[in-house]
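Below you'll find the structure, written out as structure tokens, and then a few comments.
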Amino acid sequence: AGVMGTWLLIYMESLGASHLLMGLMLTVNCVAEVPVFHFQESLTSRFSTNSILQVSIGTLLVRLLIYALLPSLPGVPWVVLPVELLHGITFALCWGASCVHCKAIA
């Protein structure tokens, strides 16, 4: 998360992203977390922590792959906005499941 938070904006600027787009990226990034955090308790009660973490890491791999393919996709750099919606799964879902796991082993 730290690497993406720091370097993604630099990467997007190198692809010609405007400051408006980068601000929208951060907004979409944060908005995507809200529903995942809201439904965190029902998700962790329904699915195992291990399964949730696997989905989160798998989604992170997809997200990173799309970032790597951005220069070859049409509509660069605006195509990044839908990708930023995956942040809710890659960060919020992982964070919540990790908290549940830490509580269980503590």
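Got a sec to turn the phi values of the stretch 34-50 into Karplus ³J(HN,Hα) couplings, 6.51 cos²θ - 1.76 cosθ + 1.60 with θ = phi - 60°, whole Hz, x for Gly and Pro?
Going residue by residue, I get 4, x, 5, 5, 5, 9, 4, 5, 5, 5, 6, 7, 8, 10, 6, 4, 4 Hz, with x marking Gly and Pro.
Multiply the residue gap between Ser51 and Ala1 by 0.36 nm, knock off their C-alpha separation, and tell me the result in nm, one decimal place. Each step should come with its number before you reach the end.
Details: separation 50, 0.36 × 50 = 18.00 nm, distance 2.01 nm.
Taking 0.36 nm per residue and subtracting the Cα distance, the gain is 16.0 nm.
Might you tell me the accessible area per residue for the chain, computed with a 1.4 Å probe and given in Å²? Before the final figure, lay out each step's value.
Numbers: 6540 Å² over 106 residues.
Averaged over the residues of the chain, the accessible area is 62 Å².
What number, rounded to the nearest 500 deg cm²/dmol, is the helix-based mean residue ellipticity at 222 nm of the chain, given -39500 (n - 2.57) per DSSP H run of at least four residues and division by all its residues? Kindly include the intermediate steps, with their values, before the conclusion.
Working: 6 runs with 78 residues, N = 106.
One gets -23500 deg cm²/dmol as the mean residue ellipticity at 222 nm.
Report in % the part of the accessible area of the chain that belongs to carbon and sulfur, leaving out ligands and nucleic acids; probe 1.4 Å. Don't skip to the end; give the middle numbers.
Working: 4790 of 6540 Å².
Summing carbon and sulfur atoms, their accessible area is 73 percent of the total for the chain.
Starting from the exponent 0.38 and prefactor 2.2 Å, build the expected Rg for the chain from its residue count and divide its actual Cα Rg by it.
Numbers: Rg = 15.0 Å, N = 106, 2.2 N^0.38 = 12.9 Å.
Ratio of Cα Rg to 2.2 N^0.38 Å: 1.16.
Between Ala104 and Val31, what FRET efficiency comes out of the Förster formula 1/(1 + (r/R0)^6) with R0 = 25 Å and r the beta carbon distance, rounded to 0.05?
On the way: r = 30 Å, r/R0 = 1.18.
Efficiency for this residue pair is about 0.25.
If contacts are Cα pairs under 8 angstrom and at least 6 residues apart, what is the relative contact order of the chain in percent?
On the way: 84 pairs, mean separation 45.0, N = 106.
Over the chain, the number comes to 42 percent.
If you take every residue apart from Cys99 with its C-beta less than 15 Å away from the C-beta of Cys99, what net charge results, scoring Lys and Arg +1 and Asp and Glu -1? Walk me through the numbers before you get to the answer.
Details: positive: Lys103; negative: Glu33, Glu41.
So the environment of Cys99 carries a net charge of -1.
The values are calculated or read from the model by the stated rules, or taken from the named source; none is laboratory data. Quick caveat, the model's predicted, so the values are computed rather than measured. Every residue, glycine among them, receives a Cβ derived from its backbone with ideal geometry; neighbour counts consider all protein chains shown. Side chains included, ligands, DNA and RNA excluded: accessible areas come from the protein's heavy atoms. Shrake-Rupley method; radii C 1.70, N 1.55, O 1.52, S 1.80 Å.
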